[in-house]
Amino acid sequence: MKNFEFHIPTKIIFSRGGISRLGSILRPFEDNILIVTDKIVSSKSPAVEAARENLKDRTVAVFDDVEENPSIDTITRGKKTAVSNKADIIVGIGGGSCMDAAKGIAVLATNPGEIGVYMAGKSLENKPLPNICIPTTSGTGSEVTPYAVFTDREKKSKGAIGFEEIFPRVALVDPELTYTMPENVIVSTGMDVLTHAVEAYLSTESFKMNDMLALHAIEIVRDNLPVARDGDKGAMDAMAYASTLGGIAIAHASTILLHIMAYPLTVYHNIPHGKANAILLPEFLNFMREKSTVIEKVVRLDSMFEKVGGIQAFVNSLGISTSLSEYGVDPGEFANFAGKTIIRGDIKITPATITKESIVDIYQKAL
């Protein structure tokens, strides 16, 4: 039996209508609260208004300038809002971008510099502000991870921070808050759940307990995402649950090659993160089937999708083309993409020998 450590310091509250409990959840904390969100959530989702309603007796400020794939500059501006409002706690409401931004702002509110220096490996000098995360999509699982991903617009790259201190104190998973997602967002975020679980399962860092969570999440996505995209509330509840499971799985085993190969597709072609993962998923698994040291795990994944015609058919059935050329991606870009991928630490926990040439080959076969 492989040795392992399993640690989730986040309290998970999974409850339809759970947003109504926010006031009592925040009771142990101080009264100055900064809600971090985006313009769409703040204007179209019931989440922020419901949060305000349940925090009438507190001092609440809102930073709603988070964009998809939040930039270093955005986190710096969020820090200024947190400091000027003397925030005691950060509440991230929205998709992964909002929750990641909340974590980044929590770090900068008590630590010097910009978030880029922490992405480059700088250690924390001070304890970040506590954060609570409330997802309005079923995708990133950021509500239960110690990670946050940001985009460096100047370098055209994505990077992450990872500190145990930014695990959310509470993950308030209220599936009702996901019901307003449009179909394309349901599908894209749902594929992020699937690839989180697949990659965590294959990661060399995983172990039997973690494998169990990852496989359960995969089964839920397989059986519920096609129904959830049509707005079925029971299926959307299941996807919210799967997202949290996938988050726990990557908190312990991380993502591997697939995720970091998808980053350039988002940065250079504005392909939504989950969709970018889905596009590359079939060819990534073909590579793993041929080259990985965990062939038995790949075979198990194949068997799980036999009843829906295989992984490729499943992705295509959700309206996602797996041909990069259909998204305007040119093969002349592959060397640059591979160069940005090969330097990342996720390579080391991918169960195969990875070279720039093998990365280019995967992109090429997905063309």
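The values are calculated or read from the model by the stated rules, or taken from the named source; none is laboratory data. What you are looking at is a predicted structure, and each value in this text was computed from that prediction instead of being measured. Cβ atoms come from the backbone with ideal geometry, glycine included; neighbour counts cover every protein chain shown. Only protein heavy atoms, including side chains, enter the accessible area calculation; ligands, DNA and RNA are left aside. Shrake-Rupley method; radii C 1.70, N 1.55, O 1.52, S 1.80 Å.
Please count how many residues of the stretch 325-334 are touching a residue at least 24 places away in the same chain (Cβ under 8 Å) and either touching a Gly at 6+ places or on another chain (Cβ under 8 Å) or exposed (fewer than 14 other Cβ atoms within 10 Å of the Cβ) (or both). Let's see the steps before the verdict.
Restricting attention to the stretch 325-334, the residues satisfying the condition of being touching a residue at least 24 places away in the same chain (Cβ under 8 Å) are 325, 327-329, 331, 333-334.
Then keep just the ones that are either touching a Gly at 6+ places or on another chain (Cβ under 8 Å) or exposed (fewer than 14 other Cβ atoms within 10 Å of the Cβ) (or both); that gives 325, 328, 331.
The total comes to 3.
Restricting attention to the stretch 149-168, report how many residues are of a type in the set (Lys, Arg), crowded, with 17+ Cβ neighbours inside 10 Å and over 21 Å from ASP192 (Cβ atoms).
Initial filter on the stretch 149-168 (of a type in the set (Lys, Arg)): 153, 155-156, 158.
Next cut, crowded, with 17+ Cβ neighbours inside 10 Å only: 158.
Within this subset, residues satisfying the condition of being over 21 Å from ASP192 (Cβ atoms) are none.
Here the count works out to 0.
When the stretch 185-221 is examined, which residues are found to be within 16 Å of GLY95 (Cβ to Cβ) and among the hydroxyl-bearing types (Ser, Thr, Tyr)?
Those that are within 16 Å of GLY95 (Cβ to Cβ) and among the hydroxyl-bearing types (Ser, Thr, Tyr): SER188, THR189, THR195.
Looking at (1) among the aliphatic types (A, V, I, L, M); (2) more than 27 Å from ALA338 (Cα to Cα); (3) buried (at least 18 other Cβ atoms within 10 Å of the Cβ), find the lone condition where VAL83 falls short.
(3)
Would you check if there is a residue in the stretch 288-307 being open to solvent by less than 10 Å² (accessible area, probe 1.4 Å), at pLDDT 95 or above and either of a type in the set (Phe, Trp, Tyr) or in contact with a Phe, Trp or Tyr (Cβ under 7 Å, 6 or more places away or on another chain) (or both)?
yes
Taking the condition touching a strand residue (DSSP E or B) at 6+ places or on another chain (Cβ under 8 Å), among the basic types (Lys, Arg) and open to solvent by 30 Å² or more (accessible area, probe 1.4 Å), does ARG27 pass?
Against the criterion (touching a strand residue (DSSP E or B) at 6+ places or on another chain (Cβ under 8 Å), among the basic types (Lys, Arg) and open to solvent by 30 Å² or more (accessible area, probe 1.4 Å)), ARG27 does not qualify.
Going by the structure shown, is ASN3 surrounded by 18 or more Cβ atoms within 10 Å (Cβ to Cβ), in a loop (DSSP other than H, G, I, E, B) and among the polar types (S, T, N, Q)? Spell out how you get there, then give the answer.
On the way: surrounded by 18 or more Cβ atoms within 10 Å (Cβ to Cβ): no; in a loop (DSSP other than H, G, I, E, B): yes; among the polar types (S, T, N, Q): yes.
Answer is no for this residue.
Just checking, does the stretch 67-79 include any residue being free of Cβ contacts under 8 Å to residues at least 60 places away in the same chain and part of a loop (DSSP other than H, G, I, E, B)?
Yes: one or more hits.
Residues to consider are CYS98, CYS133; find the one that is in a helix (DSSP H, G or I) and either of a type outside the set (Asp, Glu) or at pLDDT below 95 (or both). It would help to see each step written out before you state the result.
On the way: CYS133 fails: in a helix (DSSP H, G or I).
The conditions single out CYS98.
Taking the stretch 231-255 as the search range and keeping residues that are free of Cβ contacts under 8 Å to residues at least 24 places away in the same chain and open to solvent by 10 Å² or more (accessible area, probe 1.4 Å), which one is farthest from TYR179 (Cα to Cα)? Reasoning before the result, please.
Residues of the stretch 231-255 free of Cβ contacts under 8 Å to residues at least 24 places away in the same chain: 232, 234-235, 238.
Retained after the next criterion (residues that are open to solvent by 10 Å² or more (accessible area, probe 1.4 Å)): 232, 234, 238.
On the way: ASP232: 9, GLY234: 10, ALA238: 12 Å.
Step by step, filter the stretch 231-255, then rank; the result is ALA238.
Of all residues being assigned to a loop (DSSP other than H, G, I, E, B) and in contact with a Leu (Cβ under 8 Å, 6 or more places away or on another chain) in the stretch 260-292, which is farthest from ALA200 (Cα to Cα)? Just the residue, please. Talk me through it step by step, then tell me what you get.
Going residue by residue through the stretch 260-292, those that are assigned to a loop (DSSP other than H, G, I, E, B) are 270-272, 292.
Among the residues that remain, those that are also in contact with a Leu (Cβ under 8 Å, 6 or more places away or on another chain) are: 271, 292.
Details: ILE271: 22, SER292: 14 Å.
Looking at residues that are assigned to a loop (DSSP other than H, G, I, E, B) and in contact with a Leu (Cβ under 8 Å, 6 or more places away or on another chain), I get ILE271.
Checking the condition in contact with a Lys or Arg (Cβ under 7 Å, 6 or more places away or on another chain), open to solvent by 20 Å² or more (accessible area, probe 1.4 Å) and among the polar types (S, T, N, Q), which residue from THR137, THR110, THR59 passes?
Values: THR137 fails: in contact with a Lys or Arg (Cβ under 7 Å, 6 or more places away or on another chain); THR59 fails: in contact with a Lys or Arg (Cβ under 7 Å, 6 or more places away or on another chain).
Among THR137, THR110, THR59, only THR110 is in contact with a Lys or Arg (Cβ under 7 Å, 6 or more places away or on another chain), open to solvent by 20 Å² or more (accessible area, probe 1.4 Å) and among the polar types (S, T, N, Q).
Would you tally the residues in the stretch 200-225 being within 19 Å of HIS7 (Cα to Cα) and charged (D, E, K, R)?
Matching residues across the stretch 200-225 total 3.
Among the numbered criteria (1) closer than 23 Å to LEU265 by Cα; (2) assigned to a loop (DSSP other than H, G, I, E, B); (3) in contact with a helix residue (DSSP H, G or I) (Cβ under 7 Å, 6 or more places away or on another chain), which one does LYS155 miss?
(3)
Residues in the stretch 240-259: is at least one under 17 Å from the mean Cα position of the chain (by Cα), among the β-branched types (Val, Ile, Thr) and outside any helix (DSSP H, G or I)? I'd like the intermediate steps shown before the answer.
First, pick out the residues of the stretch 240-259 that are under 17 Å from the mean Cα position of the chain (by Cα): 240-259.
Filter once more, so that each one left must be among the β-branched types (Val, Ile, Thr): 244, 248, 250, 255-256.
Remaining after also requiring outside any helix (DSSP H, G or I): 255-256.
Among the residues of the stretch 240-259, at least one is under 17 Å from the mean Cα position of the chain (by Cα), among the β-branched types (Val, Ile, Thr) and outside any helix (DSSP H, G or I), which makes the answer yes.
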